[in-house]
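The values are calculated or read from the model by the stated rules, or taken from the named source; none is laboratory data. Note that the coordinates shown come from a computational prediction; the quantities given were computed from them, not determined experimentally. Cβ atoms come from the backbone with ideal geometry, glycine included; neighbour counts cover every protein chain shown. We work out accessible area using only protein heavy atoms, side chains counted, and drop any ligands, DNA or RNA first. Shrake-Rupley method; radii C 1.70, N 1.55, O 1.52, S 1.80 Å.
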Amino acid sequence: MQTSYTIAMKYKNLRLPFLALFLTFISSAVLAQNTFKPKKDVLATIKKNFADADIQYKYMAKQFTDGRFPKTYHPDKDQFETSNSGWWCSGFYAGSLLKLYEATKDTALLTQANHNLKGLEKEQFNKTTHDLGFMMYCSFGNANRIEPKPAYKEIIINSAKSLSTRFNPNVGCILSWNSKPDDFLVIIDNMMNLELLFNATKLTGDSSFYKIAVAHANTTIKNHYRPDFSSYHVINYDPKTGAVKEKKTAQGFANESAWARGQSWGLYGFTVTYRETKDKKYLNQAKGIAHFLLSNPNLPADKIPYWDYNANNIPNALRDASAAAIMASALLELCRYVDKKDGQEYFNVGQTIIRNLSSPKYKADLNTNGGFILKHSVGHFPAGTEIDVPLTYADYYFIEAMQRYQEFAQ
Ligand code: GLY
């Protein structure tokens, strides 16, 4: 009879590669099992949130006229504000309706989404903005996932083509904001537009979109991030040489501060980039950002960030529910890709954020708040606009975070 010793000796030359294979198998099995146990009360809260959101979004539909897009609501003036289709947030309303339709199966939401999408179609050819990922992927990306159609596919591909025209190979980035010819401004938010490009490569087999996304992510790691994994908001490059001319803020408290939503955009963007490339560099970047945020002494116990992690009046600074919702959604994906200990921490924080955004402090009463689900986001503090108001993207990423949480129960 062969003992394990004799078997081991017989195959000793094979031992190392075999061991490596075995460990790879075990670690991928561990990662694949990286699911966490959702709490019954949070699942019940989410179910109620979706039922309430169904009522809210039908109420919201009555607040504006056809061809316009919800932007925000000003509680002090009881005033609903809309935008045209070119505003960077124009895709979130349809995106939220589509996700709520998935959650509730209420076809009235789907009908309203499809109606609204019609007014957005023309933006597929818009080459004057980098926000096409937000505008066209949060809308038509979800539409194509839920009800795949050749027309949606074409819109996504055309949008990716339009976005790609803003890529500058000297810089290795997609241009964010148009400005003077000698400036090339890139903001951290731009990481959120890469998912559109990854999707376009999947739809077409054309790797050029993927390559642009990867180049943009690499340049962003190099120049946007500080050693502690906090991010600048704006980098100004020389468009001819790619040299960094300035590192600064536009929407944050100070050039050297950590603007809360920008940190959440980066966390989300690098989580997506890891999902789409499986390159550990992006996973490490996302983990570094998560560590910066979750160990930050200025992150409150309820995990709803102040609008800037370095605002000068903490603890009296305003909170930003949108930064919390984006962070929760990102963490509830990232927790699947890391070891169990980090994953549990990310899952727990995502859960805490869902709990707290569901409280009356943040969640609006029915038929109030212009129909938005959440209150208390901060759009552009230094410009004095959209301060302590509901915002379309806070709702969108809150809905997504809740969907991602529910997936752990399946
Ligand atoms: N520019 C996008 C944002 O305000 O987060």
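Quick grid of which residues meet (1) over 17 Å from residue 196 (Cα atoms); (2) open to solvent by 10 Å² or more (accessible area, probe 1.4 Å):
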residue	(1), (2)
254	yes, yes
266	no, no
275	no, yes
279	yes, yes
291	yes, yes
With criteria (1) of a type in the set (Val, Ile, Thr); (2) open to solvent by less than 10 Å² (accessible area, probe 1.4 Å); (3) in contact with a helix residue (DSSP H, G or I) (Cβ under 7 Å, 6 or more places away or on another chain); (4) free of Cβ contacts under 8 Å to residues at least 60 places away in the same chain, residue 186 comes up short on (3)
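Quick grid of which residues meet (1) without any contact (Cβ under 8 Å) to a residue 40 or more places away in the chain; (2) open to solvent by less than 30 Å² (accessible area, probe 1.4 Å); (3) not in a strand (DSSP E or B):
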site: 344; (1), (2), (3): no, no, yes
site: 360; (1), (2), (3): yes, no, yes
site: 382; (1), (2), (3): no, no, yes
site: 388; (1), (2), (3): no, no, no
(message) Please verify whether residue 116 is surrounded by 14 or more Cβ atoms within 10 Å (Cβ to Cβ) and either assigned to a helix (DSSP H, G or I) or more than 15 Å from the ligand (Cβ to nearest atom) (or both), treating the condition exactly as stated.
(response) yes
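Scan region 391-398 and give yes if some residue there is within 19 Å of the chain's Cα centre (by Cα), open to solvent by less than 50 Å² (accessible area, probe 1.4 Å), farther than 21 Å from residue 82 by Cα and at pLDDT 95 or above, otherwise no.
Checked region 391-398: no residue is within 19 Å of the chain's Cα centre (by Cα), open to solvent by less than 50 Å² (accessible area, probe 1.4 Å), farther than 21 Å from residue 82 by Cα and at pLDDT 95 or above.
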For region 291-300, check the following and say yes or no: at least one residue is touching a strand residue (DSSP E or B) at 6+ places or on another chain (Cβ under 8 Å) and within 16 Å of the ligand (Cβ to nearest atom).
no
Residue hits (region 138-167; under 15 Å from residue 197 (Cα atoms) and either at pLDDT below 95 or outside any helix (DSSP H, G or I) (or both)) are 165, 166, 167
